[in-house]
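Structure first, commentary second.
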Amino acid sequence: MSADADRRSIERELHEGVQQLLVALAANAELAAASLDADPSAAKEFLAGIAEDTRQALEETRKLAERIHPPLLEAGGLVAALRAAAANADVPTAIDVAAGTTCPPEIAGAVYFCCLDVLERAAAGTPVAISVWSEEGAVAFNIVAEGDLDTERLPLLDRVDALGGRLTITEGSGAEISLAGSLPLSG
């Protein structure tokens, strides 16, 4: 279920974002070509628009690629990927990954995407705390955030369940929400 929702979201973003930018690029290129001889200054404006649309399309494509599989997760590890996600979300985040915590890519990916779901739903400036550590035969994680995260719509449960893990969502005093998960290192 989570994978279907993620796939639909990416398809929607491709159609409404990148595809629309590429259509604008094609139209502006045709207009620039048509006005090149008759109105060189208009052609320059179209070319400036094309350059901006290209930059925007590249950025949206990069963001979508990271949602599918963040290259930093593989290249820099879980801590680097979480730091980058927190910086992009504009959410002050305390990240504590215990020394010696290693896990296979699918487990690291599940932890990363669980954290990303919370970071993307947290209001700007809302503090989030992420802890990851090794337990006997498992990788455990805890995510604590303030505010309404609409936990009913978080695809976390499906993601953790698919790897044989467990996840508990607890609403604490005030508006604090805690997500505690554990993923087995062997199937």
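The numbers here are math on the coordinates, done by the rules we state, and not lab data. Quick caveat: nothing in here was measured; it's all calculated off a predicted structure. Virtual Cβ from ideal backbone geometry, glycine too; neighbours counted across all protein chains shown.
Here are the numbers:
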| read-out | value |
| --- | --- |
| Charge sum, other residues only, whose C-beta stays under 13 Å from residue 23's C-beta, Lys/Arg counted +1 and Asp/Glu -1 | -3 |
| Cα-based shape type of region 75-184, given that a ≥ b ≥ c are square roots of the gyration tensor eigenvalues and the cut on a/c is 1.5 | oblate |
| Cα centroid separation - region 17-34 against region 109-138, whole Å | 39 Å |
| Residue among 144, 64, 184 farthest towards the positive dipole end of the chain, charges placed on Cβ | 184 |
| Sorted by Cβ neighbour density within 10 Å, fewest at the top, the residues 97, 132, 111, 79 | 79, 97, 132, 111 |
| Of the DSSP H helices in the chain, those whose Cα atoms cover at least 18 Å axially and whose Kyte score averages 1.0 or more | 20-35, 71-89 |
| Dipole axis of region 2-68 (+1 Lys, Arg; -1 Asp, Glu on Cβ), positive-most option in 27, 15, 47 | 15 |
| Antiparallel bridge percentage (DSSP; both residues within the chain; nearest 5) | 80 percent |
| (i) 1.06; (ii) 1.12; (iii) 0.95, with the label sought being that of the calculated Rg/Rh (Cα atoms, Kirkwood Rh) | (ii) |
| Label point distance in nm, residue 61-residue 96, each placed 7 Å from Cα along Cα→Cβ | 4.2 nm |
| Taking the chain and dividing mean pair separation by its residue count, relative contact order in percent (alpha carbons under 8 Å, at least six apart) | 17 percent |
| Computed over region 2-68: relative contact order in percent, which uses C-alpha pairs under 8 Å that are six or more apart | 37 percent |
| Contour excess over end-to-end distance, with Cα ends at residue 15 and residue 52 and 0.36 nm allotted per residue | 11.4 nm |
| Summed side-chain charge close to residue 60 - residues other than residue 60 whose Cβ falls under 15 Å, Lys, Arg +1, Asp, Glu -1 | -2 |
| Contact order normalised by residue count of region 75-184, Cα under 8 Å, 6+ apart, percent | 24 percent |
| Exposure proxy ranking, count of Cβ atoms within 10 Å, fewest first, for 114, 103 | 103, 114 |
| Amide hydrogen neighbours beyond the local backbone of residue 95, cut-off 5 Å, H modeled | 130 |
